[in-house]
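Enquirer: This is the structure I have questions about; it appears just below.
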Amino acid sequence: MKTSNIFLRASNVFYFLQEAVHNIFLHGLMSLAAVGVTMACLLIMGSFTLVSMNLNATLSDLERENVVIAYIDETYSEEQARALEADIMALDNVESCKFVTREEAMEAFVSQYDDDSVFASVPASVLRDRFEIHLTELEEMESTVIALKAVEGVANVRAELEIAQGFMAVRNMAGVVAIILAVMLLLVSLFIISNTIRLGAYTRRDEVAIIKMCGAKDSFIRCPFVAEGVILGLVGAVIAFFIQWGVYNLVMRAITKSDTMQLLTVIPFHNFAGRILLIFLLVGLAVGAVGSSLAINKFLKV
Amino acid sequence: MVRLTDVYKVYENGARALKGINFQIDDGEFVFLVGPSGSGKSTIIKLLTAEIPPTEGRVMVNGYNLGTITPRQVPYLRRTIGVVFQDFRLIEKKTVYENLALAMRAVGASSQEIKKRVPAMLELVELDRKMNRHPSELSGGEQQRVAIARALVNNPGMIIADEPTGNLDPARSYDLMRLLERINELGTTILVVTHEKELVNRFSKRVLAIENGRIISDGMDGYYRYYENK
Ligand SMILES: Nc1ncnc2c1ncn2[C@@H]1O[C@H](COP(=O)(O)OP(=O)(O)O)[C@@H](O)[C@H]1O
Ligand SMILES: [Mg+2]
């Protein structure tokens with residue numbers, strides 16, 4: 001009798017799925033717990049990833065908007081000041097820089113106010129020539145500022161370090177917390193799935209013994225249980241995806257409506273819906289397959 | 001072919017179940033293995049199906065040495081043997097047809113092979129009209145015939161039955177032995193474990209008698225002589 005490709009046979013796949021579904025309902029509560037924990041794990045993982053992605057987007061906006069200003073020593077003539085451009089451009093992390101004369105700066109300053117009479121009489125000489133500098137990486141802002149200050153002729157540097165650092169701290173923290181929580185929950189989810197499968201295997205041990213006596217290989221016996229674990233994992237993943245979607249949209253609406261949080265850039269969910277679904281499904285699949293394999297390997301040894 | 005040479009079995013708790021067993025069963029034979037309860041009959045069956053390893057000695061079954069067989073090879077060994085138990089061991093939630101189909105699927109048979117083979121086997125045991133019933137809807141004798149059909153479905157060269165008539169009345173027991181006899185006539189080697197003297201004596205077959213872990217007689221009238229001389 002042929003023994004190859006027994007997994008590809010449609011009738012076998014049907015049998016494996018049928019057994020898996022039967023088992024899932026046989027231990028409904030355990031299955032529910034397994035799906036629930038997997039779902040919670042993915043939701044937490046997903047939420048932190050989304051927060052972190054949005055903070056990243058906000059950071060790149062800040063990179064675009066945030067300008068570091070390098071003031072030039074007053075004793076430098078305009079010619080001398082302009083000559084510093086090469087030195088500044090030579091620094092790492094400087095994407096572009098634009099020279100602004102003290103007169104231009106004055107104009108821009110005055111134009112901010114409706115009533116320009118107050119400042120109209122102030123001579124431009126109280127201001128300094130300056131460079132407006134865009135950085136490549138906001139993360140490197142601090143060291144770039146130090147390097148800028150070291151350039152001869154640069155009197156002072158103004159940068160909004162705190163905002164950038166605050167965002168980066170939150171983002172990094174979100175990443176770390178997400179990883180720790182995700183790993184913990186993954187372990188819990190693995191444990192629960194594995195116990196659900198083990199219970200199912202135990203209930204059906206007589207059947208397993210019969211099939212083994214007929215000459216089934218371990219892989220044939222393992223398949224329905226792995227299918228069960230994978231189904232549990234995937235169901236958890238799909239439910240988690242839809243919940244994530246709903247919650248994200250609620251939060252997004254709240255942020256865009258709010259006045260204080262306008263600073264945040266919110267990416268629409270559909271921009272990464274596909275990726276999130278794929279990751280959820282892969283994690284669900286992996287947790288289900290690994291959890292059930294662990295359970296069944298232990299079971300088959302006995 | 002089955003050959004046991006100086007086989008000993010000591011269970012983990014120290015029970016010495018077999019104490020130097022020697023016998024050979026050639027292809028196509030019909031053999032009764034008889035002996036009182038606790039004499040070691042089931043232990044021999046478990047050795048032959050690689051459920052337990054021998055403690056000492058050599059056990060050869062259809063070309064496999066069961067002292068050195070690897071876990072990977074065990075399924076292939078088992079495909080050369082059909083096993084029947086006293087308690088039938090059918091899967092209750094599946095129909096008669098599905099019980100047989102599963103046994104075939106487990107060894108990689110295709111749907112077409114299953115569709116052809118299962119009805120043929122059920123016809124052989126005269127249960128083709130009940131193939132959509134569940135085991136609980138059948139009598140003990142019928143259930144045991146299903147078990148025999150399942151043992152045969154993958155076309156093994158040999159059937160091993162451990163007290164197959166233990167749960168049947170004498171008339172059904174006799175019918176079942178006749179069925180096994182017919183299967184033997186079709187070319188399958190048969191080894192039947194039983195302690196029912198009357199039943200054994202109604203057939204003139206080779207009888208291996210075991211007591212207290214030792215073979216005490218082996219011959220066409222072995223069981224009979226053993227009891228007469230006692
Ligand atoms: N799993 C086991 N562990 C320990 N002792 C066993 C086990 N199975 C059988 N025995 C012992 O081995 C002896 C033979 O048992 P068995 O082969 O089942 O006899 P039979 O089938 O002839 O009634 C008995 O003394 C029994 O108690
Ligand atoms: Mg016994």
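Enquirer: Between B:Glu211 and residues 5 or more places away or on another chain, which pairs have amide H atoms under 5 Å apart, with H built 1.01 Å from N, and which residues are they?
Expert: B:Ile216
Enquirer: With each label point set 7 Å from Cα along the Cα-Cβ vector, what nm distance links A:Ala209 and A:Ala90?
Expert: 8.4 nm
Enquirer: Between the chain alone and the structure with every protein chain in place, find the residues of region A:192-221 that drop at least 20 Å² of accessible area; heavy atoms, 1.4 Å probe.
Expert: With the partner chains in place, region A:192-221 has these residues losing at least 20 Å²: A:Glu207, A:Ile210, A:Ile211, A:Lys212, A:Met213, A:Cys214, A:Gly215, A:Ala216, A:Lys217, A:Phe220.
Enquirer: How much net charge surrounds B:Leu179 when only the other residues with a Cβ under 13 Å from the Cβ of B:Leu179 are counted, with Lys and Arg +1 and Asp and Glu -1?
Expert: Numbers: positive: B:Arg145, B:Arg172, B:Arg178, B:Arg182; negative: B:Glu123, B:Glu126, B:Glu142, B:Asp175, B:Glu181, B:Glu185.
Residues close to B:Leu179 contribute a combined charge of -2.
Enquirer: When a/c reaches 1.5 or more, the comparison of a/b and b/c decides; with that in mind, is chain B rounded, prolate or oblate per its Cα gyration tensor? Show your work: numbers first, answer last.
Expert: On the way: a/c = 1.93, a/b = 1.34, b/c = 1.43.
Verdict is oblate for chain B.
Enquirer: Follow-up. Calculated from DSSP H runs of 4 or more alone, at -39500 (n - 2.57) each and per residue, what is the 222 nm mean residue ellipticity of chain A, nearest 500?
Expert: Working: 11 runs with 211 residues, N = 302.
Taking each H run of at least 4 residues, the total per residue is -24000 deg cm²/dmol.
Enquirer: Based on the mean of other beta carbon atoms within 10 Å per residue, what is the order of A:130-143, B:59-72, most packed first?
Expert: Details: A:130-143: 18.4, B:59-72: 14.9.
Those peptides, ordered most packed to least, come out A:130-143, B:59-72.
Enquirer: Rg/Rh for the protein assembly as shown to two decimals, with Rh computed the Kirkwood way over all alpha-carbon pairs. Let's see the in-between values first.
Expert: Values: Rg = 39.9 Å, Rh = 29.9 Å.
The Rg/Rh ratio comes out at 1.33.
Enquirer: How shielded is A:12-24 by partner chains, expressed as the average number of their Cβ atoms within 10 Å of its Cβ atoms? Numbers along the way, then the final one.
Expert: Details: counts 6, 0, 2, 5, 1, 0, 0, 1, 0, 0, 1, 0, 0.
Going residue by residue through A:12-24 and averaging, the value is 1.
Enquirer: What is the spin-label model distance, in nm, from A:Asn249 to A:Met184 if the labels are put 7 Å beyond Cα along the C-beta direction?
Expert: Spacing of the two 7 Å Cα→Cβ label points: 3.1 nm.
Enquirer: Return the long-range amide H neighbours of A:Asn93 (sequence gap of 5 or more, or a different chain), with a cut-off of under 5 Å between placed amide H atoms.
Expert: Close amide H contacts, sequence-distant or interchain: none at all.
Enquirer: Right, here's the next one. Can you give the mean number of other chain Cβ atoms that lie within 10 Å of the Cβ atoms in peptide B:15-27?
Expert: That average works out to 0.
Enquirer: Taking the Cα centre of chain A as the origin, how large is its charge dipole in debye, to the nearest 20, when only Lys and Arg (+1) and Asp and Glu (-1) carry charge on their Cβ atoms?
Expert: Numbers: 22 positive and 32 negative charges, 729 e Å.
So the magnitude is around 3500 debye.
Enquirer: Could you tell me the accessible area of B:Tyr8 in Å² (1.4 Å probe, neighbours in place), rounded to the nearest ten?
Expert: Here the accessible area works out near 80 Å².
Enquirer: Would you list which aspartates and glutamates come within 13 Å of B:Lys94, measuring only between C-alpha atoms, while excluding same-chain residues fewer than 8 positions from it?
Expert: Cross-link targets: A:Glu19, A:Glu207, B:Glu137.
Enquirer: What does the buried accessible surface come to for A and B, summed over both chains, with the probe at 1.4 Å? Round to 100 Å². Provide the component values of the computation, followed by the final result.
Expert: On the way: alone 17090 and 11360 Å², together 26290 Å².
Separately minus together, A and B give about 2200 Å² buried.
Enquirer: For B:Met1, what charge total do you get from the other residues with a beta carbon under 14 Å from its beta carbon, if Lys and Arg give +1 and Asp and Glu give -1?
Expert: Working: positive: B:Arg3, B:Arg58; negative: B:Asp26, B:Asp27, B:Glu29.
Summing Lys/Arg as +1 and Asp/Glu as -1 gives -1.
Enquirer: In the neighborhood of B:Asn132, defined by Cβ-to-Cβ distances under 15 Å, what is the net charge if each Lys or Arg adds +1 and each Asp or Glu adds -1? Could the numbers behind the result be given before it?
Expert: Numbers: positive: B:Lys93, B:Lys94, B:Lys115, B:Arg129, B:Lys130, B:Arg133; negative: B:Glu92, B:Glu98, B:Glu123, B:Asp128, B:Glu137, B:Glu142.
Cβ neighbours under 15 Å give a net charge of 0.
Enquirer: Among the complete DSSP H segments of chain A, which ones combine at least 15 Å of alpha-carbon extent along their axis with a mean Kyte-Doolittle hydropathy of -0.5 or more? Don't skip to the end; give the middle numbers.
Expert: Values: long enough: A:10-26 (24 Å, 0.78); A:28-65 (54 Å, 1.03); A:161-203 (62 Å, 1.59); A:218-257 (58 Å, 1.20); A:273-301 (42 Å, 1.60).
Helix filter hits for chain A: A:10-26, A:28-65, A:161-203, A:218-257, A:273-301.
Enquirer: In addition: Counting Lys and Arg as +1 and Asp and Glu as -1, each charge on the Cβ, what is the dipole of the protein assembly as shown about the Cα centre in debye, to the nearest 20?
Expert: It works out to roughly 4940 debye.
Enquirer: Straight-line reach from B:Lys197: which lysines fall under 20 Å, measuring Cα to Cα and dropping same-chain residues less than 8 apart?
Expert: Cross-link targets: B:Lys41, B:Lys205, B:Lys230.
Enquirer: Right, here's the next one. At 18 angstrom or more along the helix axis (alpha-carbon based) and mean Kyte-Doolittle of -1.0 or higher, what helices does chain B contain? Whole DSSP H runs only. Don't jump to the answer; show the numbers that get you there.
Expert: On the way: long enough: B:111-124 (20 Å, -0.37); B:140-153 (19 Å, 0.13); B:170-185 (22 Å, -0.72).
Helices meeting the criterion: B:111-124, B:140-153, B:170-185.
Enquirer: Here's something else I'd like to know. Run the numbers for A:Thr256 and A:Glu104: contour at 0.36 nm per residue of separation, minus the present Cα-Cα distance, in nm. Numbers along the way, then the final one.
Expert: On the way: separation 152, 0.36 × 152 = 54.72 nm, distance 3.51 nm.
Gain on extension, A:Thr256 to A:Glu104, equals 51.2 nm.
Enquirer: What is the average number of partner chain Cβ atoms found within 10 Å of a Cβ in B:95-105?
Expert: Details: counts 0, 0, 0, 1, 2, 1, 2, 7, 6, 3, 11.
If you average over the peptide's residues, the count of other-chain Cβ atoms is 3.
Enquirer: Shifting gears a bit: Would you list which aspartates and glutamates come within 13 Å of B:Lys9, measuring only between C-alpha atoms, while excluding same-chain residues fewer than 8 positions from it?
Expert: B:Glu51, B:Glu56
Enquirer: For chain A, what is the number of Lys pairs with C-alpha distance below 16 angstrom, counting only pairs 8 or more positions apart or on separate chains?
Expert: Lysine pairs meeting both conditions in chain A amount to 5.
The values are calculated or read from the model by the stated rules, or taken from the named source; none is laboratory data. Predicted model only: the values in this text are computed from it and were never measured. Every residue, glycine among them, receives a Cβ derived from its backbone with ideal geometry; neighbour counts consider all protein chains shown. We work out accessible area using only protein heavy atoms, side chains counted, and drop any ligands, DNA or RNA first. Shrake-Rupley method; radii C 1.70, N 1.55, O 1.52, S 1.80 Å.
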